[in-house]
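Input: a single structure, listed below in structure tokens.
Values quoted throughout were computed directly from the atomic coordinates according to the rules given, and no laboratory measurement underlies them. Everything numeric here is computed off the predicted structure, so don't read it as measured data. Here the Cβ positions follow ideal geometry from the backbone for every residue, glycine too, while neighbour counts run over all protein chains shown.
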Amino acid sequence: MSTILNTLNGIEDPDKLQLLATMSDHISKMPEEIRDRFKALKILYDECDELEDDRETELHKLEIQFEALYEDIYRQRNEVVNGTEALNQDLIDEFDIKAKELQKDPNYKDIEIALCDVKSTQNMPNGVAGFWVKAMCNHPNIS
């Protein structure tokens, strides 16, 4: 029986194989009037399990794809925070465009915004001192 278990659906985990063998044994010993329902339910469960495995595989591929997309943004952010490169004027222009669009909203002037303390960066020609500490302290799930 262990040879059959070791080759069942390519499953190599001995605990999972034992569980499957136990389930199969229990189902085969059930009264005839309910046995087929449990056989069908087990197959449907297996199909869900296979779909879940496929979903996990696809999600992993998607995560890898997006990590590559984020890489350039993270690099640019690092340069701004550490002041290692000149600021990208396109980013500044894009901010100005978005700010003007926001100001067109009729509720714009009623929005209350807390001022950001920038004293520690005012006399720095490059970078943003303490950026990550401030970001973490202001994050609602961390602070």
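Some points to look at:
- Loop-located GluC sites (Glu not before Pro) across segment 65-106 with a Cβ neighbour count of 15 or fewer within 10 Å are Glu85, with loop assigned by DSSP.
- DSSP-loop trypsin sites (Lys or Arg not before Pro) across segment 60-143, with at most 15 other Cβ within 10 angstrom: Lys104
- Mean separation of Cα pairs under 8 Å and 6 or more residues apart, divided by the residue count, gives segment 31-138 a relative contact order of 30 percent.
- All lysines inside 29 Å of Lys119 as judged from Cα atoms, apart from same-chain residues fewer than 8 positions distant: Lys98, Lys100, Lys109, Lys134
- As computed over the chain, the Cα convex hull volume per residue (Å³): 268 Å³
- Environment charge at Gly127 (Cβ cut-off 11 Å; Lys +1, Arg +1, Asp -1, Glu -1): -2
- Helical mean residue ellipticity (222 nm; -39500 (n - 2.57) per DSSP H run of 4+; nearest 500) of the chain: -22500 deg cm²/dmol
- Stretching Leu87 away from Asp49 to a fully extended chain increases their span by 8.7 nm, per 0.36 nm per residue minus the current alpha-carbon distance.
- Its Cα centre serving as origin, the chain has a Cβ charge dipole (Lys and Arg +1, Asp and Glu -1) of approximately 540 debye.
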